Amino acid sequence: MTATCRNGPRNSSALGAEERDIWILLQSVSPKEAAIWFADKRDAIGDPEFRAIYLEYDAAFDRSPDDPRLYVLANRGQRWLANRPGRPEGAKGPGQDPTIAQLVATSLGTWSPAWDRLTQIAKERKAGQ
């Protein structure tokens, strides 16, 4: 379902459904890990820049995978992660169990070619570091 926001159409139900499924999966597999991931998300959502990136990611759902705005969004997300407030320098993402992180990463549905492209851009940049 497409809703309209100040910046145009967006599919909040797509991102919301995907996140709900991830939280259910995490809670089922490892309640302890789910609590860590949830606390991390709650902390991040308190940052206005993260919220803006989150909404832009949601808005990217219907874009073409060739849309140049995806590179801008990928850059913005990468900068935020690198400079995340309240996270010690060099700290990685939430949770300690790499198996759980892999489960989450491989359980994400292919919702959008643009979202797939954003993931690909991130992987390419990580490999180039």
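Bear in mind that the values in this text are calculations on the coordinates, not laboratory data. Nothing here was measured: the structure is a model prediction, and the numbers come from that model. For neighbour counting, all protein chains shown are included, and Cβ atoms are generated from backbone atoms with ideal geometry for every residue, glycine included.
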Original post:
Which trypsin sites (Lys or Arg not before Pro) from the stretch 15-89 combine a DSSP loop assignment with at most 13 other Cβ atoms within 10 Å?
Top reply: none
Subject >> Calculated FRET value between residue 82 and residue 106, using beta carbons and R₀ = 25 Å, to 0.05 >> reply: 0.50
Original post:
Quick one: Karplus J couplings for the stretch 59-69, per residue in order, coefficients 6.51, -1.76, 1.60, θ = phi - 60°, nearest Hz, x for Gly and Pro?
Top reply: 5, 6, 3, 8, 6, 5, x, 9, 5, x, 5
Subject >> Projected label distance in nm at residue 127 and residue 38, using a 7 Å step from Cα toward the beta-carbon >> reply: 3.6 nm
